[in-house]
1. Looking at residue 64, is it in contact with a helix residue (DSSP H, G or I) (Cβ under 7 Å, 6 or more places away or on another chain), closer than 26 Å to residue 210 by Cβ and modelled with pLDDT under 70?
2. Going by what's in this entry, would residue 206 be described as within 20 Å of residue 298 (Cβ to Cβ) and either out of contact with any strand residue (DSSP E or B) (no Cβ under 7 Å at 6 or more places or on another chain) or in contact (Cβ under 8 Å) with a residue 60 or more places away in the chain (or both)?
3. Go through segment 245-281 residue by residue and tally those that are in a loop (DSSP other than H, G, I, E, B), surrounded by fewer than 24 Cβ atoms within 10 Å (Cβ to Cβ) and modelled with pLDDT of 90 or more.
4. Restricting attention to segment 158-180, which residues are more than 30 Å from residue 309 (Cβ to Cβ), in contact with a strand residue (DSSP E or B) (Cβ under 6 Å, 6 or more places away or on another chain) and not in a strand (DSSP E or B)?
5. For segment 304-312, indicate whether the set of residues that are touching a strand residue (DSSP E or B) at 6+ places or on another chain (Cβ under 8 Å), over 19 Å from residue 273 (Cα atoms), at pLDDT below 95 and in a loop (DSSP other than H, G, I, E, B) is non-empty.
6. Confirm whether residue 286 is outside any helix (DSSP H, G or I), more than 26 Å from residue 83 (Cβ to Cβ) and out of contact with any strand residue (DSSP E or B) (no Cβ under 8 Å at 6 or more places or on another chain).
7. Could you please find all residues in segment 352-370 being surrounded by 13 or more Cβ atoms within 10 Å (Cβ to Cβ), out of contact with any helix residue (DSSP H, G or I) (no Cβ under 7 Å at 6 or more places or on another chain) and at pLDDT below 90?
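The values are calculated or read from the model by the stated rules, or taken from the named source; none is laboratory data. Quantities reported herein were computed from a predicted structural model and do not represent experimental measurements. Methodologically, a virtual Cβ is constructed for each residue, glycine included, from the backbone with ideal geometry; neighbour enumeration extends over all protein chains shown.
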């Protein structure tokens, strides 16, 4: 048989009996379009009851690792209740200021839930401070640990799967990543406008595999004796997402503008925030909020999932930052900037192709009132 004929027959047989596994592309990428560079195949049959699970079973066996500071006070109890409803019994809380630790101890917690406080270095960036946490202190308190912030609420997008069931299906996976579903809010009712996928997510780990905190989006893993199977995997494929309320209200973002301890591109003009507001401009964090508010909310979110806000406490925090007159001026500038960004159309950075820190470098400046009116007339 000639070589040409043999090659033709081989191609013909492949056409009538295609391979069961996809072929690798030249770079070895078998991406499924949702964060996994290879297909997630389990050695075990999924099994399980296809019926709806009790809501309190979703996070059964999961403890939270989070941070607390005074800015979270108006929203904290809603955060606790959301996770208690999903089955969380224990929350490990890192606190950097002693007065905030005392405040936290005075806040009621839902029945059946325990908070354990951990004092973190007060003079470090919150992300760096979290890395100093000795996780061995609480690794044995729950089979799984989910690291997140108080503005990130887990949303189970399917009714028939719990974290424990997912872990049983993938026994070699040590750490899962839950993708962000962003939903910025100017008021809590905005939560129903729908979300959109973000550029990053948060980790959930088998507590026994936890060696430490790498940064606020990842754990360090214990060294594995076996190299078989993936050590990390995406959880979004199986219907778990974190709704990230990038702002729980306009005033929440305003308070963060003045008091956030995380120093990055969002806080680059924190020292000049009041001057910017009084001159008709906007600090960077509020410009980013405007950018997010003009994004399309293409992933439906349930109306029942919305941040709970203690309006009285929120008002007290706002008045420590700005006067009523400055707040009104800031909101007017913000609304004007949203209109300015809408007119930019496709020239805006495509999110989440860029991180928000990269977007911050590319946002247009805030036009003055006169410039904004002239731009609107030209349009």
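1. On the way: in contact with a helix residue (DSSP H, G or I) (Cβ under 7 Å, 6 or more places away or on another chain): yes; closer than 26 Å to residue 210 by Cβ: yes; modelled with pLDDT under 70: no.
When the stated conditions are applied, residue 64 does not pass them.
2. Working: within 20 Å of residue 298 (Cβ to Cβ): no; either out of contact with any strand residue (DSSP E or B) (no Cβ under 7 Å at 6 or more places or on another chain) or in contact (Cβ under 8 Å) with a residue 60 or more places away in the chain (or both): yes.
Judged against the criteria, residue 206 is not a match.
3. Step one: of segment 245-281, the residues in a loop (DSSP other than H, G, I, E, B) are 245-249, 260-264, 268-269, 279-281.
Subsequent filtering for residues that are surrounded by fewer than 24 Cβ atoms within 10 Å (Cβ to Cβ) retains 246, 249, 260-264, 268-269, 279-281.
Then drop every residue that is not modelled with pLDDT of 90 or more, which leaves 246, 249, 279-281.
Adding up the residues that qualify gives 5.
4. 173, 174
5. Step one: of segment 304-312, the residues touching a strand residue (DSSP E or B) at 6+ places or on another chain (Cβ under 8 Å) are 305, 307.
Adding the requirement that they be over 19 Å from residue 273 (Cα atoms) leaves 305, 307.
Going one step further and asking which of them are at pLDDT below 95, we end up with 305, 307.
Keeping just the survivors that are in a loop (DSSP other than H, G, I, E, B) gives 305, 307.
Yes: one or more hits.
6. On the way: outside any helix (DSSP H, G or I): no; more than 26 Å from residue 83 (Cβ to Cβ): yes; out of contact with any strand residue (DSSP E or B) (no Cβ under 8 Å at 6 or more places or on another chain): yes.
It is false that residue 286 is outside any helix (DSSP H, G or I), more than 26 Å from residue 83 (Cβ to Cβ) and out of contact with any strand residue (DSSP E or B) (no Cβ under 8 Å at 6 or more places or on another chain).
7. Scanning segment 352-370 gives a single hit, 368.
Conditions tested, residue by residue: (1) surrounded by 21 or more Cβ atoms within 10 Å (Cβ to Cβ); (2) under 24 Å from residue 267 (Cα atoms).
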| position | (1), (2) |
| --- | --- |
| 129 | yes, yes |
| 147 | yes, yes |
| 176 | yes, no |
| 197 | no, yes |
| 210 | yes, no |
| 215 | no, yes |
| 220 | no, no |
